[in-house]
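Just below is one structure, and these are the notes that go with it.
The values are calculated or read from the model by the stated rules, or taken from the named source; none is laboratory data. A quick note: this is a predicted structure, and the numbers were derived from the prediction, not measured. FYI the Cβ positions are ideal-geometry reconstructions off the backbone, even for glycines, and counts take in every protein chain you see. Just the protein is used for accessible areas: all its heavy atoms, side chains included, with ligands, DNA and RNA removed. Shrake-Rupley method; radii C 1.70, N 1.55, O 1.52, S 1.80 Å.
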Amino acid sequence: MGISVPRQHFLTYLGVAHPIVLAPMAGTGTPSLAAAVSNAGGLGSLAIGAMTAEAARAAIRELRSLTVQPFNINVFAHKPPKLDRVKEAAWLSFLAPYFADFGETAPTELHTIYPSFVDDDAMLEVLLEARPAVVSFHFGLPPIERINALHDAGCMLFATATSLEEALAIEAAGIDVIVAQGIEAGGHRGIFDTAAYDEELSTLALVSALVARTTRPIVAAGGVMNGAGIAAALAGGAQAAQLGTAFIDTPESAADAAHRAALTQRGSHTVLTSAISGRPARCVENRFTALGRDPKRPDIPDYPIAYDAGKALHAAARRSGEMGYAAHWAGQGHALSRSLGAAALVETLVAELHAVGMA
């Protein structure tokens, strides 16, 4: 049935003081980052979609040891990939010369490195045991039985929409809050069907459409880096803003030095690419994103099978001191990054909101 909370009161229901949500950021987010944001009055988030069930259980336990405040646990709900050995072999053949540049051999086969929550019973059990205040879905929705089970466990549920059609599906499924992800957002697009037409709506255009056509609370995500950006999202009808790139350069994040440097490097910019993982994602342009634009490249395998190759190529390059094949996910506002602790950044964002009369 869902949790019936008026739009303007959902943060109060959760016990969150500020309209600031930390984006989950698989691989970059950490329990300490999520806890710092929650302890500062925002909603901290932790992605577990790239973890095993046991690793997720340990990470949630660590997060809970660091905060008594509510937090969000994020899972991937993508359609399980279709194995296509011919397509995968062609992709590996295409990448083989780049492995050879580093004196290494490309893998002989690829694997589905991340399961989907839609059929991951072990991860469902972890969430039902942990009962976090919020569980969020990215890349789609799980079966209604899983949605009902999480609601019965007392979890408020979020899901990402990149279009009105996806938002209406989220609402119809009884999900409580819609995360409106605009094209400006860093990392993976939450699009349900990668073969479908993507209008690539901006964050504010998407928020406006969802405010007009849905009844659920809206969290605006994409390109928000400061208090002015949060204020614009709130003025557009969102109840909160989700920020990810803004927190990459905090000491609590797991980003390496190259990723942090890429955010503010002179002349750096972001592009959408499917070459790294098999799904469209916004990344600081580098050698890997250039491969995605190569007119000779074959079809890219499904997510996350392609990501197995992407991670292997990055590892080979990194062993030779080359960071140009890394997944430096970042949004379009990356140049506004600030090197602050996570709590200090939340405090700064709130002060900026106060300055424009929105906090």
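Working note: Karplus 6.51/-1.76/1.60 with θ = phi - 60° gives the range 340-351 the couplings 10, x, 4, 5, 5, 5, 4, 4, 5, 4, 5, 4 Hz, where Gly and Pro are set to x. Ligands, DNA and RNA excluded, the heavy atoms of ASP176 present near 10 Å² of accessible surface to a 1.4 Å solvent probe. Of the trypsin sites (Lys or Arg not before Pro) found in the range 257-305, those that fall in a DSSP loop while having at most 16 other beta-carbon atoms within 10 Å are ARG266, ARG293, LYS296.
Between THR160, LEU345, GLY292, the Cα set farthest toward the positive side of the dipole of the chain (charges on each charged residue's Cβ, about the Cα centre) is that of LEU345. Based on protein heavy atoms only, the chain ends up with 40 Å² per residue of surface accessible to a 1.4 Å probe.
The shape of the range 186-261 comes out oblate: with a ≥ b ≥ c from the C-alpha gyration tensor, a/c is at least 1.5 while a/b does not beat b/c. First select every other residue whose beta carbon is under 14 angstrom from the beta carbon of ASP193; then total the charges, Lys and Arg +1, Asp and Glu -1. Net local charge, ASP193 excluded: -1. Using a Förster distance of 35 Å, how high is the FRET efficiency between ALA172 and HIS354, based on the Cβ-Cβ distance and rounded to 0.05? Approximately 0.40, to the nearest 0.05. Farthest towards the positive end of the charge dipole of the chain, among the residues ALA306, ALA257, GLY244, is the Cα of ALA257, using unit charges on the Cβ of Lys, Arg, Asp and Glu. Restricting attention to the chain, close to 20% of DSSP beta bridges with both partner residues there are antiparallel. In this Cβ point-charge picture (+1 for Lys and Arg, -1 for Asp and Glu), the chain has a dipole of about 520 debye about its Cα centre.
Just to be sure I understand the curve: with the Debye formula and one point per C-alpha of the chain, what is log10 I(q)/I(0) at q = 0.08, 0.12, 0.14 Å⁻¹? Log10 of I(q)/I(0), two decimals: -0.36, -0.84, -1.16. Counting only DSSP H runs of at least 4 residues, each contributing -39500 (n - 2.57), and dividing by the residue count of the chain, the helix-based mean residue ellipticity at 222 nm comes to -11000 deg cm²/dmol. Remark on the range 1-128: Rg and Dmax equal 19.4, 59 Å (Cα only).
Ligands, DNA and RNA left out, the 1.4 Å accessible surface of the chain is 53% carbon and sulfur atoms. Accessible area of TYR303 (1.4 Å probe, protein heavy atoms only, ligands and nucleic acids ignored): about 10 Å². Over all other residues within a Cβ to Cβ distance under 11 Å of LEU128, the charged ones net out to -2, with Lys and Arg as +1 and Asp and Glu as -1. Roughly how many Å is it from the Cα centre of the range 271-339 to that of the range 52-80, as a whole number? Answer, in whole Å: 25.
Compactness of the range 136-252, taken as the C-alpha radius of gyration over 2.2 N^0.38 Å, stands at 1.04. Rounded, prolate or oblate: which fits the range 23-65, taking a ≥ b ≥ c as square roots of the Cα gyration tensor eigenvalues, rounded meaning a/c under 1.5, else prolate when a/b beats b/c? In terms of gyration-tensor shape, oblate.
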